[in-house]
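Peer 1: Attaching a single structure in structure tokens format; questions to follow.
The values are calculated or read from the model by the stated rules, or taken from the named source; none is laboratory data. All figures in this text were calculated on a predicted structure; none of them were measured in a lab. Methodologically, a virtual Cβ is constructed for each residue, glycine included, from the backbone with ideal geometry; neighbour enumeration extends over all protein chains shown. With ligands, DNA and RNA removed, areas are computed over all heavy atoms of the protein, side chains included. Shrake-Rupley method; radii C 1.70, N 1.55, O 1.52, S 1.80 Å.
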Amino acid sequence: MADCHIGAWREPRLSSLNTTAFEMAVQRCIDKSVDFIVISGDLFNTSLPGIDKLKSVVVMLKKLMDFGIPVYVVAGSHDFSPSGKTMLDVLETAGLINNVVRGRIVEKRLQLGFTVDEKTGVKLAGMIGKKGMLEKSYYEDLDRESLEKEKGFKIFMFHTALSELKPKGLEKMESAPVSFLPKGFSYYAAGHVHEVIDKELEPYGRIVYPGPLFPNNFKELEKLQRGGFYIYEDGNLSYEPLQIKNVFSISLDCSNMAPEQVEAHLMDEAKKNEFINTIVTIRLSGRLSSGKLGDIRLGDVMREFYAKGAYFVMKNTSSVSIEGLDEVMVRHESVEETEDLIISEHLGQIKLPNVDINAEKELTHEMIQIFQAEKKEGETRAEYESRLREGFECCIRKHINLKPQKVA
Ligand SMILES: [Mn+2]
């Protein structure tokens, strides 16, 4: 499995579903007596998950341990704090998971070690994934030969999009060529791309993205409807869907419609069906013939869906325009895509000492991450500030040759 994103979604009703998906997945693994589980990055949505979410995950990991099912992980782009900390370290120290990324530098090249699964003898190696695809330089320095010459059933775990396997609609996503991977592994357990992809690619092997355990944003709900994972047995792969809620998606082009017409159309949809246990997504686009977006009484529409039993109703009206006004901003589907695009567009505009374009990009990503951290439950103001400061100083020290006291 990959991209569990425990703690994603701000809305509590949806947030609990990522955890439910993880619990269901783990229980199914136990029921099917798997030998071990691999999680290819983004177990958590943030490096410091909330205590309740963390607890739910620990309960399930403990259960797996009691059943003698080891869990192998690599960290994904969401698992790291700006100063390089990850909750995965805590879980590993407690013996609940095994991080398979073990590297050392030999003659300026990155050598990755293998982790051997005791029961099956399967050998696992892996690479971390970072925000903005900053793991690229690790792949450039990777000693592939030493990985390739190892004998046995080998799994390579990674958290990076591959250019050759990028799905439609995600063309803008940053990716690496498949030639970055070591060849000849029996199974490539991939994460980061939130789509289900299973492809045999010579001379590599079977490359599998199971997609998220549960959709993580509006677009994913529309497109995937549900998440899942794969079970591999004797060369056969079976996809295990996790159907937690139904999803009913409405996409309406409002071009040449008046607000009352849009409203009537949506009300009709609501009246047609029952929506028990269903997440309803409403996407509106196009140019209204008159009036403005606010004239569509979406609150009434949503109440109607709730009255028909909907579990959760969401709307996206970001691409509705009104007569006489043109959209200026290009809207992207996720915060990450938008951040990436804006950062890339503005690189090189500020002169920083000893900082090249790549370092500037990394610096910017990390700064955004540092300053978006929220104060945690139970954390004092002073602790919160020193956490931000520590991240900031660490980031500056890494990228700019300034002494820390100057930073302070
Ligand atoms: Mn992810």
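Peer 1: Is segment 106-117 home to any residue that is under 21 Å from Thr19 (Cβ atoms) and buried (at least 17 other Cβ atoms within 10 Å of the Cβ)?
Peer 2: no
Peer 1: Restricting segment 130-153 to residues that are within 22 Å of Asp42 (Cα to Cα) and in contact with a Ser or Thr (Cβ under 7 Å, 6 or more places away or on another chain), which is least open to solvent (accessible area, probe 1.4 Å)?
Peer 2: Within segment 130-153, the match that is least open to solvent (accessible area, probe 1.4 Å) is Glu135.
Peer 1: Would you mention how many residues in segment 275-291 are open to solvent by 50 Å² or more (accessible area, probe 1.4 Å) and within 18 Å of Gln243 (Cα to Cα)?
Peer 2: Here the count works out to 2.
Peer 1: For segment 26-36, does any single residue satisfy the condition of being within 16 Å of the ligand (Cβ to nearest atom) and surrounded by 16 or more Cβ atoms within 10 Å (Cβ to Cβ)?
Peer 2: no
Peer 1: Could you please find all residues in segment 2-18 being within 11 Å of the ligand (Cβ to nearest atom) and either open to solvent by 10 Å² or more (accessible area, probe 1.4 Å) or small (Gly, Ala, Ser) (or both)?
Peer 2: Passing the criteria: Ala2, Ala8.
Peer 1: When you scan segment 246-256, do you find a residue that is within 17 Å of Ala21 (Cα to Cα), within 16 Å of the ligand (Cβ to nearest atom) and either under 17 Å from the mean Cα position of the chain (by Cα) or not in a loop (DSSP other than H, G, I, E, B) (or both), even just one?
Peer 2: Scanning segment 246-256, I find no residue that is within 17 Å of Ala21 (Cα to Cα), within 16 Å of the ligand (Cβ to nearest atom) and either under 17 Å from the mean Cα position of the chain (by Cα) or not in a loop (DSSP other than H, G, I, E, B) (or both), so the answer is no.
Peer 1: Out of all the residues in segment 206-217, which are surrounded by 19 or more Cβ atoms within 10 Å (Cβ to Cβ) and under 16 Å from Leu237 (Cα atoms)?
Peer 2: Result: Ile207, Val208, Tyr209, Pro210, Gly211.
Peer 1: Additional query: So is Thr93 closer than 22 Å to Phe214 by Cβ and either out of contact with any Pro (no Cβ under 8 Å at 6 or more places or on another chain) or open to solvent by less than 40 Å² (accessible area, probe 1.4 Å) (or both) or not?
Peer 2: In short, no.
Peer 1: If Glu220 satisfies all but one of (1) open to solvent by 40 Å² or more (accessible area, probe 1.4 Å); (2) not in a strand (DSSP E or B), what's the number of the condition it fails?
Peer 2: Evaluating Glu220 over (1) open to solvent by 40 Å² or more (accessible area, probe 1.4 Å); (2) not in a strand (DSSP E or B) leaves (1) as the failure.
Peer 1: Same structure again: Among the residues that make up segment 41-60, is at least one of them farther than 24 Å from Gln369 by Cα and within 16 Å of the ligand (Cβ to nearest atom)?
Peer 2: No.
Peer 1: I've got another one for you. Does at least one position in segment 388-401 carry a residue that is assigned to a loop (DSSP other than H, G, I, E, B) and either within 28 Å of Glu174 (Cβ to Cβ) or modelled with pLDDT of 85 or more (or both)?
Peer 2: Taking every residue of segment 388-401 in turn, at least one turns out to be assigned to a loop (DSSP other than H, G, I, E, B) and either within 28 Å of Glu174 (Cβ to Cβ) or modelled with pLDDT of 85 or more (or both).
Peer 1: Somewhere in segment 359-372, is a residue within 29 Å of Lys219 (Cβ to Cβ), modelled with pLDDT under 85 and outside any helix (DSSP H, G or I)?
Peer 2: Checking segment 359-372: at least one residue is within 29 Å of Lys219 (Cβ to Cβ), modelled with pLDDT under 85 and outside any helix (DSSP H, G or I).
Peer 1: Condition check: open to solvent by less than 30 Å² (accessible area, probe 1.4 Å), within 16 Å of the ligand (Cβ to nearest atom) and under 17 Å from Gly126 (Cα atoms). Does Val193 satisfy that?
Peer 2: yes
Peer 1: Working carefully through the options Gly132, Gly152, Gly126, Gly84, find the one that is within 22 Å of Ala359 (Cβ to Cβ), assigned by TED's automatic domain parsing to the domain that holds His192 and more than 17 Å from the chain's Cα centre (by Cα).
Peer 2: The match here is Gly84.
Peer 1: Among the residues of segment 75-84, is there at least one that is touching a strand residue (DSSP E or B) at 6+ places or on another chain (Cβ under 9 Å) and away from the ligand (no atom under 13 Å from the Cβ)?
Peer 2: Looking for residues that are touching a strand residue (DSSP E or B) at 6+ places or on another chain (Cβ under 9 Å) and away from the ligand (no atom under 13 Å from the Cβ), one finds none in segment 75-84, hence no.
Peer 1: Go through segment 184-201 residue by residue and tally those that are closer than 18 Å to Asp143 by Cα and out of contact with any strand residue (DSSP E or B) (no Cβ under 8 Å at 6 or more places or on another chain).
Peer 2: Here the count works out to 0.
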